[in-house]
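Everything on this sheet refers to the single structure shown next.
Bear in mind these aren't lab numbers, they're just calculated from the coordinates by the rules spelled out. Just so you know, these numbers come straight off a predicted model, no measurement behind them. No Cβ is skipped: glycine too gets one built from the backbone with ideal geometry, and neighbour counts run over all protein chains shown.
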Amino acid sequence: MEQIINLHIEKLPEGVYLATSEDVPGLVAQGRTVNETVEIARDVAKKLLEARIERNDPPPLKTIGKSLDYPLIVGF
């Protein structure tokens, strides 16, 4: 099942990106690029959500409907 998680991504002074999420407490991911950071965040979120489901404590996340807006990041 696919669900929507909002990420907050910021560029740190060191030049790396940091992702956190209010939707998934404990989610923290860091990468050299936005894409790498999102991929790491996806893996971390999946593990955190699986752990919550095992404890019978699923988070109230939005499911994907018939359409959604998605920010496409393009480097050039």
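Per-structure values
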read-out: Selected from LEU12, LEU48, LEU27 as most flexible by GNM, with the chain as the system and alpha-carbon contacts under 10 Å; value: LEU12
read-out: Cα-based Rg and Dmax for the range 3-63, where Dmax is the largest Cα-Cα distance (Å); value: 12.1, 39
read-out: Mean separation of Cα contacts under 8 Å, 6 or more apart, over the residue count of the chain: relative contact order %; value: 26
read-out: Simple spin-label estimate for GLU2 and GLU36 in nanometres, 7 Å along Cα-Cβ; value: 2.6
